[in-house]
Amino acid sequence: MKTLRQTDDGAEHAYDISLDSNGDFAFSDGRAAYGSVIEDVVRTLEGEMQLDVDYGVPYQRTIWRSISELAIWEIYVRRLVTDLAFVRDIESLYTEVDGTHLSYTMTVNTDAGTVEVSGSI
């Protein structure tokens, strides 16, 4: 698998398409590409996809309303990630809540091996 590489420096333009040293689109492949796709799935808000408004994580109905809905958020994330064709299973999903900030780390078994992804919401 190959996918466009995204910036990940945490700056204002995080998750924009990256360019290589020649100014061309940069690509990720293998496990790095799988990790990028998984991270995108977790960041996709329900209703955001124009051709499938039911797809995505219902942040509004889960953790944005009340962090007590974290278990429901986890169910949606697990379902969406395991629905990816290259995912075999989710080995672990750890979350940490600090006030209104949620961080997660997930270890996913894929066709290309184990991938660890993390993010914050």
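The values are calculated or read from the model by the stated rules, or taken from the named source; none is laboratory data. Note that the structure is predicted; figures quoted are calculated from it, not measured. Every residue, glycine among them, receives a Cβ derived from its backbone with ideal geometry; neighbour counts consider all protein chains shown. Accessible surface is based on the protein model in full, side chains and every heavy atom, while ligands, DNA and RNA are left aside. Shrake-Rupley method; radii C 1.70, N 1.55, O 1.52, S 1.80 Å.
What 222 nm value per residue comes from the helices of the chain, counting each DSSP H run with n ≥ 4 as -39,500 (n - 2.57) and dividing by all residues, nearest 500 deg cm²/dmol?
-7000 deg cm²/dmol
Helix 70-82 against the longest principal axis of the chain: what's the angle in degrees, Cα atoms only, rounded to the nearest 10?
For helix 70-82, the angle is close to 40 degrees.
Report, in degrees rounded to the nearest 10, the 0 to 90 angle that the Cα long axis of helix 30-43 makes with the longest principal axis of the chain.
Helix 30-43 sits roughly 40 degrees off the main axis of the chain.
Leaving out ligands and nucleic acids, and using a 1.4 Å probe, what accessible area per residue does the chain come to in Å²?
63
At 4 °C and 1.567 mPa s, grab the translational diffusion coefficient of segment 16-110 from Stokes-Einstein with a Kirkwood Rh over Cα pairs, rounded to a whole number in µm² per second.
Diffusion coefficient, whole number: 88 µm²/s.
Under a 5 Å amide H to amide H cut-off, with H placed in plane at 1.01 Å, what residues pair with Thr110 once short-range neighbours are removed?
Arg88, Val115
Could you compute how much accessible surface Trp64 exposes when probed at 1.4 Å, giving the result in Å² to the nearest 10?
Around 130 Å² of this residue is reachable by solvent.
Positive end of the charge dipole of the chain (Lys, Arg +1 and Asp, Glu -1 on Cβ, about the Cα centre): tell me which of Met1, Gly99, Ile63 has its Cα farthest that way.
Sorting the options by dipole projection puts first Ile63.
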